[in-house]
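Student: This is the structure I have questions about; it appears just below.
What follows is calculated from the coordinates using simple rules that are stated; it is not laboratory data. Owing to the predicted nature of the structure, the values given are computational and were not obtained by experimental measurement. When we count neighbours, we look across all protein chains shown, and the Cβ atoms used for this are built from the backbone with ideal geometry, even at glycine.
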Amino acid sequence: MALQAALLPSTLSSVPKKCSIAVAAKDTAFLSVSQKVQAASLSVRTRVATTAPVATPGSSTAAKDGKKTVRQGVVVITGASSGLGLAAAKALAETGKWHVVMACRDFLKAAKAAKGAGMADGSYTIMHLDLASLDSVRQFVDSFRRAGMPLDSLVCNAAIYRPTARTPTFTADGYEMSVGVNHLGHFLLARLLLDDMQKSDYPSRRLIILGSITGNTNTLAGNIPPKAGLGDLRGLAAGLRGQNGSAMIDGSESFDGAKAYKDSKICNMLTMQELHRRYHEETGITFASLYPGCIATTGLFREHIPLFRLLFPPFQKFVTKGFVSEAESGKRLAQVVSDPSLTKSGVYWSWNKDSASFENQLSQEASDPEKAKKLWEISEKLVGLA
Ligand code: NDP
Ligand code: PMR
């Protein structure tokens, strides 16, 4: 506990600083014993670099004419160490209107990624979050609260895709990995952080969960096998454990990594709508999902066969024309976080060929309120909220 307190992010500080890395106690596993002792003896916060002065994230700023302007917003983005998450983090940080909390499982990778992307020192904080462990999710929430920043927007972006896996792998809590990380980890995170978002005085608070075209069977892309489908959720209700039951949400006996990912995306889109139904009116928070386009170059396809990785980008660019660059997708996600015209709640956003946003139609299953309710109730049990 003492060690955790010793490593709070430097963004708490009012002194000049550059960027900061916050780690929870268990994330110091990479340190030697002597380093741990040294770290434990540090004062309240640790700083990575100290130069350029920045405003404390979330604090109000006074304009020269004395008028109060909208303060800098604080947005948490999960999986901001690569691909879409990194591009959106950069796009938001560059506006100067947002301080980005990069919630990442590998903070050194995240630090390098932020630097490599040219994100300005002081415009972001890196905090450890491993969505494959519900303990880590709770610890992240704890660390974030200790950092004393408000929470104005949350982007549930991180995901894994295991298309070539023939057997399931499991999270620390024993749930199939794709659904465990992409849905259950985010489900717990969103539920816990809702309290924090409700305390925010920011004019437009938004909770965003990434969806995808491949989870929607009302599209051509959604009809490429294996098709997404949750069935009656019997596998999820039985704990998604694989040993004594099924590792698939629909209860299928055989494991299919590609389907598990697409199923998890249905869960993401259903969760967004259930959040909207349960909390929008009461809290005023905007809940949204999106398909950012086919970002065929990201790390999402790292486990796919080399031939797929070679052909997928040109196929999407020249054949389907669904390709979008990481930078462009980052701008789209940034729009959903902060564009004044995208405040409508319960919407699944997409973009047309001219890169203009529009409200897209979800498939029947991805918009089924009964299924969303059932998913919510089972997920609550699995993450220990019910
Ligand atoms: P990337 O693989 O580039 O990014 C995924 C991020 O998730 C990485 O930062 C990764 O961390 C992180 N992550 C993975 N597992 C965990 C974990 N256990 N805990 C915390 N973070 C984790 O993929 P994309 O940028 O393409 O994907 C981002 C989102 O966009 C996903 O939700 C995906 O479903 C969605 N999407 C992507 C599309 C595409 O075409 N690429 C299309 C439609 C939707 P690390 O860097 O450490 O591996
Ligand atoms: Mg798909 C309109 C055409 C379209 C679009 C927009 C996508 C997006 N894809 C389209 C068509 C096709 N894809 C066709 C015709 C084929 C058969 C050749 C095809 C195949 C395909 C594969 C094998 N596509 C894929 C895969 C993957 O492994 C990707 C996947 O399903 O990841 C879950 C994928 C994708 N196609 C897309 C998008 C956005 C993806 C991946 C990302 C995601 O849904 O998150």
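Student: Give me the net charge for the shell around VAL141: Cβ to Cβ below 12 angstrom, other residues only, Lys and Arg +1, Asp and Glu -1.
Tutor: It works out to a net charge of 0.
Student: Calculate the length of the line joining the C-alpha centroid of the stretch 118-163 to that of the stretch 304-347, in whole Å.
Tutor: 22 Å
Student: I'd like the FRET efficiency for LYS227 and ARG166, computed as 1/(1 + (r/R0)^6) with the beta carbon distance as r and R0 of 30 Å, rounded to 0.05.
Tutor: Efficiency, rounded to the nearest 0.05: 0.95.
Student: Please give the contour-minus-distance gain from GLU370 to THR320: 0.36 nm per residue of separation, less the Cα-Cα distance, rounded to one decimal in nm.
Tutor: 14.7 nm
Student: Let me make sure I get this right: for the stretch 295-384, a, b and c are the square roots of the gyration tensor eigenvalues over alpha carbons, sorted descending. Under 1.5 in a/c it's rounded, otherwise prolate if a/b > b/c, else oblate. Which is it? Can you show the working numbers first?
Tutor: Details: a/c = 2.09, a/b = 1.33, b/c = 1.57.
Oblate shape, in that a/c is at least 1.5 and b/c is the bigger or equal ratio.
Student: Computed FRET efficiency, Cβ-Cβ of GLU303 and ARG241, R0 22 Å: what is it to the nearest 0.05?
Tutor: My answer for the efficiency is 0.50.
Student: Sticking with this one: Placing +1 at every Lys and Arg Cβ and -1 at every Asp and Glu Cβ, with all other atoms neutral, what dipole size does the stretch 225-337 have around its Cα centre, in debye to the nearest 20?
Tutor: In debye, rounded to 20, the stretch 225-337 gives about 360.
Student: Would you mind counting up the charge near SER246? Only other residues with Cβ under 10 Å from its Cβ, with Lys and Arg at +1 and Asp and Glu at -1.
Tutor: On the way: positive: ARG234, ARG241; negative: GLU176, ASP250, GLU253.
Net of charged neighbours comes to -1.
Student: Using the per-residue mean of other Cβ atoms lying within 10 Å as a proxy for protection, in what order, highest first, do the peptides 110-123, 72-85, 323-336, 358-371 fall?
Tutor: Highest mean packing first, the order is 72-85, 323-336, 110-123, 358-371.
Student: At 7 Å along the Cα-to-beta-carbon direction for both ASP135 and HIS280, put a label point, then send me their distance in nm to one decimal.
Tutor: Distance between the two pseudo-spin positions: 3.8 nm.
Student: Let me ask you something else. Please identify which residues in the stretch 361-386 have an amide N closer than 17 Å to a label point set 7 Å out from the Cα of GLN198, following the Cα→Cβ vector.
Tutor: It comes to 385-386, nothing else.
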